[in-house]
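A short worksheet on the structure shown next.
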Amino acid sequence: MKNTESFINREISWLSFNARVLQEAEDPTVPLFERLRFLGIFSNNLDEFFRVRVASVRRMVDFGDDGSILGNFTPEELHEEIYELVYAHQRKSQEIYKNIMVEMAADNIYIIDETRMTSEQGIFVKRYFYEKVLPNLVPIMLTEENKFPYLRDRSVYLAIKLSRAEKQAKFAYALVRVPSITLSRFLVLPARSGKKYVILLDDIIRYCMADIFPLFKYDKYEAYTIKVTRDAELNIDDDISKSFIEKMELSLKRRKVGTPVRLLYDSQMPDEFLKFIIKRMHLDPENTVAGGRYHNHKDFMNFPEIGAPHHYYKRLTPVRHRNLPPHQSILKKMRQGDIMLHYPYQSFSHFLDLLREAAIDPKVTDIGITIYRVADASRVVNALLNAIRNGKTVTVMIELQARFDEEANIYWSNKLQEEGAHVINGVPGLKVHSKITWIRRKEGGSFRNYAYVGTGNFHEGTARVYGDEGLLTADPRIADEVASLFNFFKHNYRIDEYRHIIVSPFRMRSFFSDLIDKEIEIARSGRRGFMLLKMNSLIDPEMMSKISEAARAGVKVRLIVRGIFGLKTEEEDIRNNIEAVSIVDKYLEHSRIFVFGNGGNEKYYISSADWMPRNLNRRIEVACPIYNNDIKEELRQMLKIQLRDNSKSRILDNELSNTYNRDQIEGRFRAQEDFYQFIKEKHQVIMRIYHNPRCSKSRAGLQYLEENGYTVEVINYMKDGISEDEIREIISLTGLSAFELVRTQEEQFRTDYKDQVLSDDEWVNVLAANPKLLKRPIVLNGKRAVLAQPAGLIDNIL
């Protein structure tokens, strides 16, 4: 057992990560509405932290268990330290929110409360209240005699004190849940004099209090926001007569009434009202946190898009992979060589296209996939359903214990089973967290395996905002072992030997420990030992000790860890050989990439696993070697770009100071933008289109290019003209004659040129002088061009 005091505590480190998210909300260089979104992410993260980690610490306090705590803390001390940091973060978030409101007002965008509305706005709000809000409200009167109502986890409630202005001593208490699940948390009011207004649902309810309690003679209403966060631990029944799905469904019902671990309340709430609620809910006062007027800032992640373009990040269009042009077989391309997709810089549609192709390919017999999280209306699942209907054998390893996605996964599990898929609901005692797909195809009298191995979920939504890697390969060294792993899912007693992919919990820990040992051996021999490790979280004591051992031996260690980080990097004997940074920016850094110097013959791996005890000990995870040299170079450039970042990179030090990494590198470098440019320059096909926006065929051609993810240089030749040299280039590249480019149905042609016999050079002169006679659209791709009538002919020049 490693000395846990020599590491940074997991919970404290996580709070430091969330503080980095809060830095983004505060950063004046971040577009205004994106800062509001980061405030929402901060709040959502904190909710989950309380539901999972604080609940675990609370149980340690209750049961006196401190065996798993890293750092020099008792459970009580850790619980106290967590709350102290949370109080500070909450105060900071309230301050940031107020500053954002000021900046929005400077841009004529106002979030107003019920006291600041005009009479016209009041009428608009009243109408909305009666039509939409009131039918969703269930007011509950609170008394000492009646049982206190159950408060939903993470829902916002208005705790209301009702009284009379003339008789303050006579009052009542009530609760109203803000219905932000069925309704938007925000209502955009009619603009006025160039100014935009938004009001929160909470304040709509405050404005209409008299309409909620019409039976009473109260004329004074004081409403304070409260929110309860509950323990999200699932206690799974061990009744052997129930299926695992039945046990999970029962556990999920129990979670909804889990023990409260936090009461967040408006700091302006009167003490006697707060004490009343704490007493009636049987809460420990230590588990209460004072907040501002509004809770659930997570809803700001979906704030109405009423800002100007400069209020948002510029949307980066995913780049099509240069080896995956549209309407060509992806399986064929995989046979020609490995392909790496970098999300969100490249399109997740490539993976969806692979599934769709496999679903209808008559030679494909089997498809297997592991599902941990998928989108609500999952196109991945739809592609699998289509494969089943086309007679394929589809095996889906769906993890029912994916935290907070359990109900969705139960739904998809049942849906897939109904359609005829072979659904496997987990491996006993382990969570399946790997991100793999397997395709089996008849070829040449036998079968060939294809595989996808990734670092992120098969989720088209998160693929737009998470930085992840996905390897498409037909290399039998990898694909055959992925196929073997699906056999293990079906038959848990069959554990094959994997020589190429690295599977936890079977050998991932020992495999990477051995690679670190080799770097130590290299360094001790006087050569350059080196490793670069990128992951979400590094908190496994054994692996952290091994990294420290390597640094002490002279191995140069570079770490890029976005989230939890437990390693103390500034100890005397290692600080000269180890550097660690965290990048928090517009996209969530989610990929795991491990590079080992290996005496000059570098080894590269991508993985679904962080270096945490749960990933290495209790989950099925897959790491995959990268054998393709071109892909290695892409990953090398990505990591080089990330290490150069001096805009969004923070130093991970012992004090968790979150100091920006402002290395004295000449120029400004921002990893996510710079890597997008790298991918764009390497993969993007820039298409030129001679376009007439008034022509339907030309518009269809432009739409085709844009929908397929190409960067398009649009030449509006009707406005800007076209030169004779440009026309000659088009003739050369298309193989058409000048006359074949002439629109003979034009009135000008029939009037001036119909009966004329002209040479090619003369027709070139005519077209340059009369651009409307040129057929369109004409699309150029480097040294190839086509008259794109219809638009699908563009495929011929890819």
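The values are calculated or read from the model by the stated rules, or taken from the named source; none is laboratory data. Computed from a predicted structure; not experimentally measured. We place every Cβ from the backbone using ideal geometry, glycine too, and count neighbours over all the protein chains shown. The accessibility values were calculated without ligands, DNA or RNA, using every heavy atom of the protein model including side chains. Shrake-Rupley method; radii C 1.70, N 1.55, O 1.52, S 1.80 Å.
Quick notes on this one:
- Restricting segment 575-605 to residues that are among the polar types (S, T, N, Q) and outside any strand (DSSP E or B), the residue that is least open to solvent (accessible area, probe 1.4 Å) is Ser591.
- Segment 688-751 holds helices (runs of 4 or more DSSP H) entirely within its bounds, and those carrying 2 or more residues that are closer than 30 Å to Arg464 by Cβ, in contact (Cβ under 8 Å) with a residue 24 or more places away in the chain and not hydrophobic (A, V, I, L, M, F, W, C) map to 696-707.
- The residues of segment 771-798 that are polar (S, T, N, Q) and assigned to a strand (DSSP E or B) amount to a single one, Asn781.
- Within segment 22-46, the residues that satisfy the criterion of being within 22 Å of Asn536 (Cα to Cα), among the aliphatic types (A, V, I, L, M) and surrounded by 22 or more Cβ atoms within 10 Å (Cβ to Cβ) are Leu22, Ala25, Leu39, Leu46.
- Where Val757 falls short, out of the listed (1) part of a loop (DSSP other than H, G, I, E, B); (2) within 13 Å of Glu724 (Cβ to Cβ); (3) aliphatic (A, V, I, L, M): (2)
- Subset tally (residues that are in a strand (DSSP E or B), within 30 Å of Asp107 (Cα to Cα) and open to solvent by 40 Å² or more (accessible area, probe 1.4 Å)) for segment 170-222: 6
- When segment 606-653 is filtered for residues that are farther than 18 Å from Met535 by Cβ, touching a strand residue (DSSP E or B) at 6+ places or on another chain (Cβ under 7 Å) and open to solvent by 10 Å² or more (accessible area, probe 1.4 Å), only Lys632 remains.
- Output for segment 102-124, where each listed residue is surrounded by fewer than 18 Cβ atoms within 10 Å (Cβ to Cβ) and more than 21 Å from Ile205 (Cα to Cα): Val102, Glu103, Ala105, Ala106, Asp107, Asn108
- Just so you know, in segment 685-722 the residues that are of a type in the set (S, T, N, Q) and open to solvent by 50 Å² or more (accessible area, probe 1.4 Å) include one that is farthest from Arg776 (Cα to Cα), and it is Gln703.
- Filtering segment 468-513 to residues that are small (Gly, Ala, Ser) and farther than 18 Å from Asn615 by Cβ leaves Gly470, Ala474, Ala479, Ala483, Ser484.
- Scan of segment 559-594 for residues that are small (Gly, Ala, Ser) and in contact with a Pro (Cβ under 9 Å, 6 or more places away or on another chain), ordered by number: Gly566
- Checked against (1) open to solvent by 10 Å² or more (accessible area, probe 1.4 Å); (2) in contact with a Ser or Thr (Cβ under 9 Å, 6 or more places away or on another chain), Lys682 passes all but condition (2).
- Of everything listed in (1) closer than 19 Å to Glu469 by Cα; (2) buried (at least 19 other Cβ atoms within 10 Å of the Cβ); (3) among the β-branched types (Val, Ile, Thr), the single unmet condition for Thr317 is (2).
- Residue check, Gln677 under 24 Å from the mean Cα position of the chain (by Cα) and of a type in the set (S, T, N, Q): yes
- Within segment 290-304, the residues that satisfy the criterion of being closer than 24 Å to Ala55 by Cα and either buried (at least 18 other Cβ atoms within 10 Å of the Cβ) or of a type in the set (Ser, Thr, Tyr) (or both) are Gly291, Gly292, Tyr294, His295, Asn296, His297, Lys298, Asp299.
- Any hit, segment 189-202, residues being in contact with a helix residue (DSSP H, G or I) (Cβ under 7 Å, 6 or more places away or on another chain), among the β-branched types (Val, Ile, Thr) and modelled with pLDDT of 90 or more: yes
- Checked against (1) out of contact with any helix residue (DSSP H, G or I) (no Cβ under 9 Å at 6 or more places or on another chain); (2) in a strand (DSSP E or B), Thr225 meets all criteria but (1).
- Check on Lys363, charged (D, E, K, R) and in contact with an Asp or Glu (Cβ under 8 Å, 6 or more places away or on another chain): yes
- Counting only residues that are among the basic types (Lys, Arg) and either at positive phi or open to solvent by 80 Å² or more (accessible area, probe 1.4 Å) (or both), segment 320-331 holds 1 of them.
- In segment 766-791, the residues that are touching a residue at least 12 places away in the same chain (Cβ under 8 Å), over 14 Å from Tyr710 (Cβ atoms) and loosely packed, with under 15 Cβ neighbours inside 10 Å: Lys783, Pro790
- Some residue of segment 291-302 being farther than 30 Å from His79 by Cβ and at pLDDT below 95: yes
- Strands (runs of 3 or more DSSP E) fully within segment 442-554 counting 3 or more residues that are under 24 Å from the mean Cα position of the chain (by Cα) and surrounded by 22 or more Cβ atoms within 10 Å (Cβ to Cβ): 446-454, 466-473, 530-535
- Ile96 being touching a helix residue (DSSP H, G or I) at 6+ places or on another chain (Cβ under 9 Å), hydrophobic (A, V, I, L, M, F, W, C) and farther than 25 Å from Glu286 by Cα: yes
- A search for C-beta distances below 8 Å between a residue of segment 284-309 that is part of a loop (DSSP other than H, G, I, E, B) and any residue that is at pLDDT below 85, counting only pairs 6+ apart in sequence or on different chains, returns Asn296/Arg154.
- Selection status of Tyr97, open to solvent by 50 Å² or more (accessible area, probe 1.4 Å) and part of a helix (DSSP H, G or I): no
- Residue satisfying condition, being outside any helix (DSSP H, G or I) and more than 20 Å from Asn296 (Cβ to Cβ), within set Ile69, Ile111: Ile69
- Restricting attention to segment 257-283, the residues that are open to solvent by 80 Å² or more (accessible area, probe 1.4 Å) and either part of a helix (DSSP H, G or I) or in contact with a helix residue (DSSP H, G or I) (Cβ under 8 Å, 6 or more places away or on another chain) (or both) total 5.
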